[in-house]
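Asker: Take this structure, written in structure tokens, and hold onto it; I'll ask about it next.
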Amino acid sequence: MSSRDPGPWPALPLGAWKDTCATLHMWMQVVGKLTLTTTPLVNHWWNTALHYTARGLATQPMRCGDRSLAAEFDFIAHELRLECSDGAVERIPLEPMTVADFYARAMAALDRLGCRIAIRTTPSEVADPIPFEKDTLHRAYDRERALAFWRALESMRPAFERSRCGFVGKASPLHFFWGTFDLALSRFSGRRAPERPGADAITREAYSHEVISHGFWPGGANMEEPVFYAYVAPEPEGFARSAVRPAAARYDAGFHEFFLPYEAVRTAPDPDAMLAAFLGSTYEAGARLAGWPREALERPQAA
């Protein structure tokens, strides 16, 4: 196997690419913030999330005057590509550089495209944020590790997408949130959730309705390994004590989520089956304990 292509379910130890992960998180925040003023709000901020392409992660089409603009992180060519509907294209190589330099290059590229988009330069949903134009701390970019991250996201996609095939209620796309830097797929009961005391605008919109959410987090603050996660909001009584599969899954009382280590899935004889068991058993426990109207939300099983 070529070192340029780590293949399906690659190893992804956080310690080996922690600096690249942190830098990429900030680069994605720069690009993600472009969507806040150029796309209409869709419930739970879905308009701002990044979506799968065949080569990486991209924004939804954004408005730039009378044109459309899309931004894609291409982890095959290792470039940020900014494309307009009139055919104009700008490319920024993904290579070691500070967040300040990346931000300056991105804004200059947008200016050349005639798309001047003002953004708030303070990162969102992170501790001790450094404004993009002042961030000279984050500067690492390891091409092989970034490609392994992308291959990991691509490897887990089928299991996530199959997991919601029997669900006919409101569900999100499988998308990547640049604020929290995690992949997410969410299903909803259709009922409004109680107001969260002290919730900010992001949290208030994200958790306005009862939700069961699954996803993948490469790790970071207080989590030193990549994990799959599952949570219910609001969390029903007994969820933390649920018997979920596989045996490697555990409930974390601090996060109020079930976690399944990515490494346990990657090294399993059948990674897709193990991930499917986690997604299915945690959804089953959450929907049952929360009293979701499942007959209205789930496709009848074939006899």
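Asker: According to the Cα gyration tensor, what semi-axes, each the square root of 5 times an eigenvalue, does the equivalent ellipsoid of the stretch 17-71 have, listed from largest to smallest in whole Å?
Answerer: Equivalent ellipsoid semi-axes, largest first: 22, 12, 11 Å.
Asker: Next question, about the same structure. Can you tell me the 0 to 90 degree angle between the C-alpha axis of helix 271-289 and the longest principal axis of the chain, rounded to 10?
Answerer: 60 degrees
Asker: Could you work out, for the stretch 1-121, what percent of all Cα-Cα pairs fall into each 10 Å distance bin, beginning at 0 Å and stopping at the bin that holds the largest distance?
Answerer: Calculated over all Cα pairs of the stretch 1-121, the distribution is 12, 43, 32, 12, 1 percent.
Asker: Compute a Gaussian network model of the chain, connecting alpha carbons closer than 10 Å, and tell me which residue from Leu57, Leu260, Leu137 fluctuates the most.
Answerer: Evaluated over the chain, the most mobile residue of the options is Leu137.
Asker: Highest GNM mean-square fluctuation, the chain, Cα pairs closer than 10 Å: which of Gly56, Gly280, Gly65?
Answerer: In this elastic network of the chain, the residue with the biggest mean-square fluctuation among Gly56, Gly280, Gly65 is Gly65.
Asker: Same structure again: When the dipole is taken about the Cα centre of the stretch 1-76, and only Lys, Arg (+1) and Asp, Glu (-1) are charged at their Cβ, what size is it in debye, to the nearest 20?
Answerer: Dipole size: approximately 100 debye.
Asker: Taking the structure as given and computing volume of the Cα convex hull per residue in Å³, which label from (i) 136; (ii) 153; (iii) 181 fits?
Answerer: Read-out taken from this structure: (ii).
Asker: Let me ask something else about it. Provide, for q = 0.12, 0.15, 0.20, 0.31 Å⁻¹, the log10 of I(q)/I(0) from a solvent-free Debye sum over equal Cα point scatterers in the stretch 110-167.
Answerer: The Cα Debye sum returns log10 ratios of -0.64, -0.87, -0.94, -1.12.
Asker: Within 15 Å, Cβ to Cβ, of Glu83, how many net charges do the neighbouring residues add up to if Lys/Arg are +1 and Asp/Glu are -1?
Answerer: +1
Asker: What percentage of the solvent-accessible surface of the chain, computed with a 1.4 Å probe over protein heavy atoms, is contributed by carbon and sulfur atoms?
Answerer: Accessible surface attributable to carbon and sulfur in the chain totals 52 percent.
Asker: Where does helix 143-163 land angle-wise versus the long Cα axis of the chain, in degrees 0 to 90, nearest 10?
Answerer: Helix 143-163 and the main axis of the chain meet at about 40 degrees.
Asker: Let me ask something additional. Based on C-alpha coordinates, I'd like the Rg and Dmax of the stretch 189-285, in Å.
Answerer: Considering the stretch 189-285 through its Cα atoms, Rg and Dmax are 14.3, 45 Å.
Asker: Shifting gears a bit: Largest first, how would Asp101, Asp252 line up by accessible area (1.4 Å probe)?
Answerer: Asp101, Asp252
Asker: What range in the chain is the longest one free of trypsin sites (Lys or Arg not before Pro) that are in a loop by DSSP and have at most 14 other Cβ atoms within 10 angstrom?
Answerer: 121-303
Asker: Hey, which lysines would be in cross-link range of Lys18, C-alpha to C-alpha under 27 Å, not counting anything within fewer than 8 residues on its own chain?
Answerer: Answer for Lys18, where 27 Å is the Cα cut-off: Lys33, Lys134, listed by chain and number.
Asker: Here is a follow-up. Report the one residue of Gly286, Gly32, Ala108 whose Cα lies farthest in the direction of the positive end of the charge dipole of the chain (charges on C-beta: Lys and Arg +1, Asp and Glu -1; origin at the Cα centre).
Answerer: Gly286
Asker: While we're here: Under unit Cβ charges (Lys, Arg +1; Asp, Glu -1), what dipole magnitude, rounded to 20 debye, does the stretch 117-226 have relative to its Cα centre?
Answerer: Dipole of the stretch 117-226, to the nearest 20 debye: 500 debye.
Asker: Would you work out which of Ala276, Phe259, Trp9 lies farthest towards the positive end of the dipole of the chain? Charges go on Cβ: Lys and Arg +1, Asp and Glu -1.
Answerer: Ala276
Asker: Let me ask another. Angle, helix 99-113 long axis vs. longest principal axis of the chain, Cα atoms, 0 to 90°, nearest 10?
Answerer: Helix 99-113 sits at roughly 70 degrees to that axis.
Asker: With a probe of 1.4 Å, find how much accessible area the chain has per residue, and write the answer as a whole number in Å².
Answerer: 45 Å²
Asker: Checking the a/c ratio against 1.5 first, then a/b against b/c, what shape does the Cα gyration tensor give for the stretch 185-233?
Answerer: oblate
Asker: Shifting gears a bit: Treating the beta-carbon of each Lys and Arg as +1 and of each Asp and Glu as -1, no other charges, what is the dipole magnitude of the chain about its Cα centre, to the nearest 20 debye?
Answerer: Its charge dipole is roughly 520 debye.
Asker: For the stretch 147-303, what relative contact order do you get, as a whole percent, if you take Cα pairs closer than 8 Å and at least 6 residues apart?
Answerer: After rounding, I find 23 percent.
The values are calculated or read from the model by the stated rules, or taken from the named source; none is laboratory data. These numbers come from a predicted model, not from an experiment. Positions of Cβ are generated from backbone atoms using ideal geometry, with glycine treated the same way; all protein chains shown enter the neighbour counts. Areas reflect the complete protein model, heavy atoms only, side chains present, ligands, DNA and RNA absent. Shrake-Rupley method; radii C 1.70, N 1.55, O 1.52, S 1.80 Å.
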